[in-house]
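What follows is a set of notes on a single structure, which appears directly below.
What follows draws every value from the coordinates through simple rules; no lab data is involved. From a predicted model like this one, the values you see are computed outputs, not experimental measurements. Every residue, glycine as well, gets a Cβ built from its backbone with ideal geometry; the counts of neighbours run over all protein chains shown.
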Amino acid sequence: MRFDNEVNLTEQQSSHKREHGPRVLIVESLYHPEELQADIQGLPPGSPVPLFPRSMAQYAWARAMRGAGCRLEVFWRNLPGFGARDISRLRSSVYRSGLSPGKIAAALIRRFPPQLNPDLRRRNQLLLAQAARFGPDIIWHSGGNREILPATLARLKDEHDCKIVYSNGDSPIVFSHAIERAAAPLYDLVLVNDYYHGMQWRELGAPRVECLPGVGVDPELHYPQPIGDAPGAYLCDIGFVGTLTPDNLYSERVAALTSLAEFDLGVWSVHEVPASLQPHYRGPALGERMLQILSSVKISINVHGDFMRYGGNMRLFECAGLGTFQLVDDRPGVHEWFVDGEHLVTFRDHEDLREKARYYLAHDEERERIAAAARAHVLAHHRYDQRLARVFELLGEG
């Protein structure tokens, strides 16, 4: 399945040839290629081709950009540089603990300067060539970059007089690659979920940082799914969907879920699940399946990763948009975006978590009232189109 110029043409046609919005070149890694392939294959004839699978936040960002009149193209930076630009060459990665030949090979490759890697050099050349054809006003560069070199970003800015938005939900201290950190002064705007991550990017030289969650809700995507449509395996008192390994990044999440072993607990993850939670594991969940599961559980447990001390993960807003009641670990950002006890409920420790789980499972009306208030709140204040309007405002101020 080819995914280059023909998809770009379809995308431009789907924007009804509106010429007044900025041209946005999205530079991203495709994490769930099978999901995108399935979405494309299931399209009715004549439908616009999606640029992202629904399991990625960029799907909703792209919808908001189209709605604002932007013309879009995407450059998949994790596609190999040599050969066809074909997403069928990619496979979803599944994290498992322990060593493997693939992990060892990747670690050895990372020891060499990326500038000396022929494949990465080719990917950078392809990005420059696509930008030369497209003429971007904005490079929307997502976090986790291991491929695009600072020199390439500098050249893009020089040749196209474009601005670079770097949207990153992770800590640059914990996760970033050297080329991400070296490029920090080139980013016109860094968007972070976590306020503390923003401080780290400023220390690395980023001229402007905004604590604006890179996730939100899209009313046409995030809405309560009918519970009557859900398979029995999706129905449980307490549910969790997300990543649980490695332990050094998600130990607090695993410990909180393990403390709920006495409850009717369901756990879904596309990655490896620790032994303590294996009895509660019910399979992987992405896209529509994830939305259906989170709509079907009575309580969604949301514990941020160990590296996210301020808060603001994807599930925080998604669950609210789905009208799902959340018990959330007590982080400063949660109180900035939501009212505790009105839109969700926070917990301090495991005993507090268990007590509140028992209480809200026994008080259906109160639980449902809070969940409904959360949905109304995010639809009013945390939509992707609102996030995008703020980004454009910040870029205009720069």
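Observations on the structure shown:
- The charge dipole of the chain, taken about its Cα centre with unit charges on the Cβ of Lys, Arg, Asp and Glu (plus for the first two, minus for the last two), comes to roughly 1380 debye.
- Cleavage-rule hits, chymotrypsin sites (Phe, Trp or Tyr not before Pro), segment 140-176, DSSP coil, Cβ neighbours within 10 Å at most 14: none
- Along the chain, longest interval not containing exposed GluC sites (Glu not before Pro), exposed being DSSP loop plus at most 11 other Cβ atoms within 10 Å: 20-219
- Across the chain, the longest piece that holds none of the trypsin sites (Lys or Arg not before Pro) lying in DSSP loops with up to 11 other C-beta atoms within 10 Å covers 112-347.
- Considering only segment 227-381, percent of DSSP beta bridges that pair antiparallel, nearest 5: 0 percent
- Shape call, segment 227-381: gyration tensor on alpha carbons, a/c limit 1.5: rounded
- Segment 149-246: C-alpha gyration tensor shape, a/c 1.5 cut-off, then a/b vs b/c: prolate
- Read-out log10 I(q)/I(0) by the Debye sum over Cα atoms at q = 0.06, 0.12, 0.14 Å⁻¹, derived from the coordinates shown; its label in [x] -0.30, -1.01, -1.23; [y] -0.21, -0.86, -1.18; [z] -0.24, -1.00, -1.36: [z]
- Our helix-only sum for the chain, with -39,500 (n - 2.57) per DSSP H run of n ≥ 4 divided by its residues, gives a mean residue ellipticity at 222 nm of -12500 deg cm²/dmol.
- Dipole axis of segment 227-381 (+1 Lys, Arg; -1 Asp, Glu on Cβ), positive-most option in His377, Val334, Tyr310: His377
- Antiparallel bridge percentage (DSSP; both residues within the chain; nearest 5): 5 percent
- Size of charge dipole - segment 227-381 - debye, nearest 20, with Cβ of Lys, Arg +1 and Asp, Glu -1, no other charges: 260 debye
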